[in-house]
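Peer 1: Here it is: the structure, laid out below.
The values are calculated or read from the model by the stated rules, or taken from the named source; none is laboratory data. Since the structure is predicted, the reported quantities are computational estimates derived from the model, not experimental observations. Ideal geometry is used to build each Cβ from the backbone, glycine not excepted, and the neighbour counts take in all protein chains shown.
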Amino acid sequence: REPLVRVRDLKMHFPIHSGLLRRRTGAVKAVDGVTFDISQGETLGLVGESGCGKSTCGRAILRLYDITGGSVTIAGRDVAHAGPNELRRMRPTMQMVFQDPQASLNPRMTVARIIAEPLDEHTRLSRAEKTARVHDLMDRVGLNRAFANRYPHEFSGGQRQRIGIARALALNPRFIVCDEPIAALDVSIQAQVVNLLEELQDSLGLTYLFISHDLSMVRHIADRVAVMYLGKIAELSPRDDLYADPLHPYTRALLSAVPEPDPEAAAASSRTILTGDVPSPANPPKGCNFCTRCPSVMDICRRIDPDFREVAPGRHVACHLYDTTQDGRPTAAPIPTRQG
Ligand code: SF4
Ligand code: MG
């Protein structure tokens, strides 16, 4: 089956200028060679610590930036190289739900106008048709349509995120990047918003890139999970495989920091405590990006950046622990699994 979203070797580098003459002296490699597909109707979770490049990656895919390199196609159309008019025509297909509904909603506009804004820009609906569409969208996201003429500050955080979701849905998108959509919300309402996103996915056939630092939430919503570290994907695996048997040392470290609900399993699991700071994306280490913090680091890791490749069906990892000789034998010592 053709993937809806196809990302190949995506790069988003931001130039650094310094000195009196503001010469270009380097680049922050926020996204540095990211490759994945997302199937129609699928949710791909994109996880990692803050600053790893996951938000930049989501925005680059939607061409909110002019990307540095690589390719992105959505529904068979080349997003990465589209000109302004083409991009405008593609915009309805691909939308974004932002982390902070407070900051992303214009405080001077009523809810009805906020939700109708994309309709004004991209459609020629009559006034009455727009009102009907706004009401329909408010119903879909669980907002009372009697509140259509209120302003964002009159709503709770969870309701404001519903407004943001209604606006994202206005043009019948196929693909939505959800960038930490619940991170700014009270824990008590996070699940409600996640459930709403799941309901909408089922009823509208939506495809999501779900960006989050919250591994428990991603476990709940994602079909597959990509783990990002310092601008690169360390591991991409089906959800159950990733949580039961993480392959990349960084995935293992992240998961061992997540509280284990079952106390017996918690006692049995070997904890990996990450030491050291995340290196700057302006000055990543030579070789593997994780080599300065990896508990399994080997000599080769400091010299050669590992390829991101499929090591088992559907399981992709960038790590020399999975290198093999030409006849397929592992070159590194066997890797202890979580199960022991
Ligand atoms: Fe660790 Fe080496 Fe694998 Fe990088 S390539 S994650 S440093 S073992
Ligand atoms: Mg972010």
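Peer 1: For region 180-202, does any single residue satisfy the condition of being of a type outside the set (A, V, I, L, M), part of a loop (DSSP other than H, G, I, E, B) and buried (at least 16 other Cβ atoms within 10 Å of the Cβ)?
Peer 2: Yes: one or more hits.
Peer 1: Okay, next question. Taking the stated definitions as given, is I114 crowded, with 17+ Cβ neighbours inside 10 Å, more than 19 Å from the chain's Cα centre (by Cα) and more than 16 Å from ligand 2 (Cβ to nearest atom)?
Peer 2: It is true that I114 is crowded, with 17+ Cβ neighbours inside 10 Å, more than 19 Å from the chain's Cα centre (by Cα) and more than 16 Å from ligand 2 (Cβ to nearest atom).
Peer 1: Let me ask something additional. For A226, state whether it is in a loop (DSSP other than H, G, I, E, B), of a type in the set (G, A, S), within 16 Å of ligand 2 (Cβ to nearest atom) and more than 25 Å from P92 (Cα to Cα).
Peer 2: Here the answer is no, as A226 does not meet what is asked.
Peer 1: So, R150, is that one at pLDDT 95 or above, of a type in the set (D, E, K, R) and surrounded by fewer than 19 Cβ atoms within 10 Å (Cβ to Cβ) or not?
Peer 2: The answer is yes for R150.
Peer 1: Here's another thing I want to ask about it. In region 18-58, how many are small (G, A, S) and not in a strand (DSSP E or B)?
Peer 2: 9
Peer 1: Also, quick follow-up: Given G158, G164, which one is touching a residue at least 60 places away in the same chain (Cβ under 8 Å) and assigned to a helix (DSSP H, G or I)?
Peer 2: From the options G158, G164, the qualifying one is G164.
Peer 1: Moving on to the next point. Just to check your reading of the model, which residue among D214, D202, D179 is within 12 Å of the chain's Cα centre (by Cα) and within 29 Å of A132 (Cα to Cα)?
Peer 2: D179
Peer 1: Take the residues of region 292-304 that are in contact (Cβ under 8 Å) with a residue 24 or more places away in the chain and either within 6 Å of ligand 1 (Cβ to nearest atom) or assigned to a helix (DSSP H, G or I) (or both): which is nearest to L274 (Cα to Cα)?
Peer 2: C294
Peer 1: Is there a residue in region 198-221 that is of a type in the set (D, E, K, R) and modelled with pLDDT under 95?
Peer 2: Checked region 198-221: at least one residue is of a type in the set (D, E, K, R) and modelled with pLDDT under 95.
Peer 1: So is D307 away from ligand 1 (no atom under 14 Å from the Cβ) and out of contact with any Cys (no Cβ under 9 Å at 6 or more places or on another chain) or not?
Peer 2: For D307, the condition - away from ligand 1 (no atom under 14 Å from the Cβ) and out of contact with any Cys (no Cβ under 9 Å at 6 or more places or on another chain) - is not met.
Peer 1: Now, a different point. Can we say H13 is over 18 Å from the mean Cα position of the chain (by Cα) and in a strand (DSSP E or B)?
Peer 2: No: the conditions fail for H13.
Peer 1: Is there a residue in region 137-144 that is in contact (Cβ under 8 Å) with a residue 60 or more places away in the chain, loosely packed, with under 15 Cβ neighbours inside 10 Å and not in a strand (DSSP E or B)?
Peer 2: Within region 137-144, not a single residue is in contact (Cβ under 8 Å) with a residue 60 or more places away in the chain, loosely packed, with under 15 Cβ neighbours inside 10 Å and not in a strand (DSSP E or B).
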